[in-house]
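Only the coordinates and a few stated rules stand behind these numbers; no lab work does. The shown structure was predicted, so the numbers you read here are calculated from the model rather than taken from an experiment. Reconstructed Cβ throughout: ideal geometry from the backbone, glycine too, with neighbour counts over all protein chains shown.
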DNA sequence: CTGAAAGCGCTTACAG
DNA sequence: CTGAAAGCGCTTACAG
C-alpha cells in the first residue's frame, strides 16, 4: 500500500490539512510541526500523488507531443528541443507517434485531452484545420509545428531555404536541376525551387520533378526515373538529407560520382550530414530551436494569452562537399545531334 | 469550463452514477438511456478525465520511459519499440532524458512515481542498483534495459556480439586490432574483444584500447592516438556505429582508405550503417525488439508477477564494406628494421 | 435498471 | 497556527 497524507496525519496525530500544509511549505504553519511532518513523510516513504493534485489544481503539468514518425532524425531533433524546454519549465512530456495516419493523429490528440494535458504540440500534422473547428471537443491549446495555415505555429521558412540551395546550384553553373519532393510536406520547397529557376529564366521541366516518401528508400527509387530522362539532370535537390543519402547510394551503385558527375543537396542538416561521405550540402533547419519555441508559445497559450504571433525562423544554407560545378558537356552526345 | 459527468446528469435529469454507467457500457443499464446519454455527452463535448479515473482505479495506464540521450539513434530505436508496444496495449508513454547524469536520472524516476506511472523503463541507467534498495520509495515496477545486475532486465548479449566482429577481423587476417571503447557502457564489448583475441593466442596490447564518449566526436578524437602507435592497428573495432563513423571521418582526413588501408567496424546497425560509405560492417542489436520485450516484461510485473526471467537477446554480425583483409606488410618498414 | 453515498488523494477557503 | 468541511471528476458497492 502506498502511503498517503492521511496515513501521515494519523501517525503524527494531526489533521490531513496540516500535513498538506507542512508538505507544501505553507506560510502559516509552525516550524516545528513542519519539520516533524516532513521528516515523518520521508521516513514513511511518502511520494505525493500528482494525479490527486492535478485533479484539484485542474492542471497536470504535462504537455502532449504528437510526432508523426520518430524514425526520421529531423523529428527527433524537434523532440529533443521540446523535451528540454519542457523540463526546464517543470513540464513532463507525453509522447505519441501517429505515423502519418490522420485517424491515429486524431485519436492521439483526443487521448491527450482525456489525460488532461495542459497543452499539445503536433509535428507533421495532416489535419491541422480540424483543430480550428469550434466543435472538435479540444479545449486545450495546440501548437502545430511547420503549419502554414494554423494560427499557433512555429515554422521554418522552407521556401526561402529551398530557394537558397537552388540558387547555389545555379551559381555553380547547373541548368538541369532535378527535385525529389514529397507530396505532403514538400510544397514549400517545391515553391522555392520554382521561384529560383524562374528568377533565372529557366523554364520548369516537370519531368525533372519526382515524388518520394521522404526517406532513404524514396531517394533510392527516385534515381532510375531521373537518370532515364532524355536530358538527365546535373544536380538533384532532394527533399531532405535522408532522401539525399538514398539518392547518393543509388547513384553510387550506378558508378556516378558525387559531386564530380552529379551534385546532390539535402535539407535539414541532420548531424549525419556533416559526417557523410561526401559531406552534404544542405539547408539547416534549427530543429531544436523550433521545438523550444513551440514550447514557449504553448506556455503562453496555457497562461491564457489569446494572441501569440506565429513564428517563422530562418533556415541556413550549409555548403559542403556534395555539390560542385557540372561536368563539361558530353561532347559525343553533342556531335551525335544531342543538345545540352 | 469543461463539461463533467455532473453536467450531463443535470442536463439529462438522471444521477451521475447513471451517466457513468451509460458512458462505460455498464451491463445493467437500459438501452434507451444509454444511447440517450452517450449522444448527449457527445453533443455537450464531453471528454472523460482519465485523471479522475486514475485516482479511483489506482492505475494511470501510463509508463515512464527514462532515456539517457535521444541524440543517439540507438536509443531512439529502443524508444520506438517501447512506444509502439505500449500503444498496442493502450498505455501512454511519458518520456524524460537524463543525459548520463545520475542525479537527473534519480529525479526523473522520482517524478515518474509522483505521477503514478504504472511502471518504468530505463535505458542507459547509471544507478540501477539504487532500484534494488528496499528504502528507495519506489513502489512501481522498473525494467532496466541492458543491465547485467538488475533482475528485471532485457539485454543483448554484447559480449558475444563483440566476439563475433573481432573473430571476423581475425579471420580476415588482422592481428593488430584496436578497440575504441566507452567507459560506462563498453565493458561487455571489451570482454568480447579480449576473449576473441585470447582464443587466437594474441596478447592484449593495452595501447590499442582507447576510450571515447560513445559519439561521433569520440571516434574522431580516438584516431590520432591510435595512429601514433609504434605499431598502428590494421583494424579498429569501434564502440558503436557513431564512433565508427567518427573514426572513418578522421581516417579519411588523413588519407587513409577504409577498408583498403584499415578496416573499421561498428556496433548497433543503425539505419544509417547500411547507407554509409563505406557501408558499415557492424553488429546488429535488435533495438526495437528489445524495447518491445521490455514493455512485455513490464506489463507482467504490473500485473503482479514477481518472477520474470531476465531476457538476453542475440546480436547478429552484419558484414558489409568497411572491412577487408589487411594491406600487405610495409616492406620499407621491415627493411629499415621494423617488425610487423 | 437507477440513485445516494462513500471514497480515490489531495487542496483550500472558512472558522476558530 | 490548526481542524472540519467541501470539492476536484470520476467509480462502485449498497440499497431499492
Enter the angle in degrees (range 0 to 90, nearest 10) between the Cα long axis of helix A:216-227 and the first principal axis of the Cα atoms of chain A, meaning the one along which they spread out most. 20
What are the nm distances, shortest first, from residue B:184 to its equivalents in the other copies, labels at 7 Å along Cα→Cβ? 3.4
Could you give, in nm with one decimal, how far residue B:36 is from each other copy of that position, shortest first, with labels 7 Å out from Cα toward Cβ? 5.6
One decimal, nm, nearest first: from residue B:200 to the same residue in each other copy, label points 7 Å out along Cα→Cβ, the values are 5.2
10 Å Cβ neighbours from other chains, averaged over peptide B:42-55: 5
Label-reachable residues, region A:49-63, where backbone N falls under 20 Å from a point 7 Å from residue B:139's Cα toward its Cβ: A:49-56
Just to be sure I understand: with springs between alpha-carbon atoms less than 10 Å apart, which residue in A:45, A:219, A:266 has the highest mean-square fluctuation in the Gaussian network model of chain A? A:45
When a/c reaches 1.5 or more, the comparison of a/b and b/c decides; with that in mind, is region B:157-256 rounded, prolate or oblate per its Cα gyration tensor? oblate
For chain A, with a Gaussian network of springs between Cα atoms less than 10 Å apart, report the residue from A:228, A:96, A:325 with the top mean-square fluctuation. A:228
Measuring from the longest principal axis of the C-alpha atoms of chain B, the long axis of helix B:73-88 (C-alpha) lies at a number of degrees, nearest 10, equal to 30
In a Gaussian network model over chain A where Cα atoms closer than 10 Å are linked, find which of A:76, A:47, A:56 has the largest mean-square fluctuation. A:47
Modelled label-to-label distance, residue B:296 and residue B:56, 7 Å Cα→beta-carbon offset: nm? 3.5
How do B:197-205, A:135-143, B:240-248 rank on mean C-beta neighbours within 10 Å, highest first? B:240-248, A:135-143, B:197-205
With each pseudo-label sitting 7 Å past Cα toward Cβ, what's the residue B:228-residue B:305 distance in nm, one decimal? 5.3
For chain B, what does the helix formula give at 222 nm: sum of -39500 (n - 2.57) over DSSP H segments with n ≥ 4, over the residue count, nearest 500 deg cm²/dmol? -13000 deg cm²/dmol
What's the ranking of B:158-169, B:182-193 by average number of surrounding C-beta atoms within 10 Å, highest first? B:158-169, B:182-193
Stretched out fully, how many nm does the piece from residue B:101 to residue B:316 gain, at 0.36 nm a residue minus the Cα gap? 74.3 nm
Is there a simple number for the mean count of other chain Cβ atoms within 10 Å of the Cβ of residues in B:277-289, and what is it? 1
Compute the Cα gyration tensor for the protein assembly as shown, then decide on rounded, prolate or oblate, letting a ≥ b ≥ c be the square roots of its eigenvalues: rounded whenever a/c is under 1.5, prolate when a/b is larger than b/c in the other cases, and oblate in all that remain. oblate
By how many degrees, between 0 and 90 and to the nearest 10, does the Cα long axis of helix B:187-199 differ from the longest principal axis of chain B? 40
Over all residues in A:247-257, what is the mean tally of Cβ atoms on other chains that come within 10 Å of each residue's Cβ? 1
Under a crude label model (7 Å from the Cα following the beta-carbon direction), how far is residue A:253 from residue B:206 in nanometres? 4.8
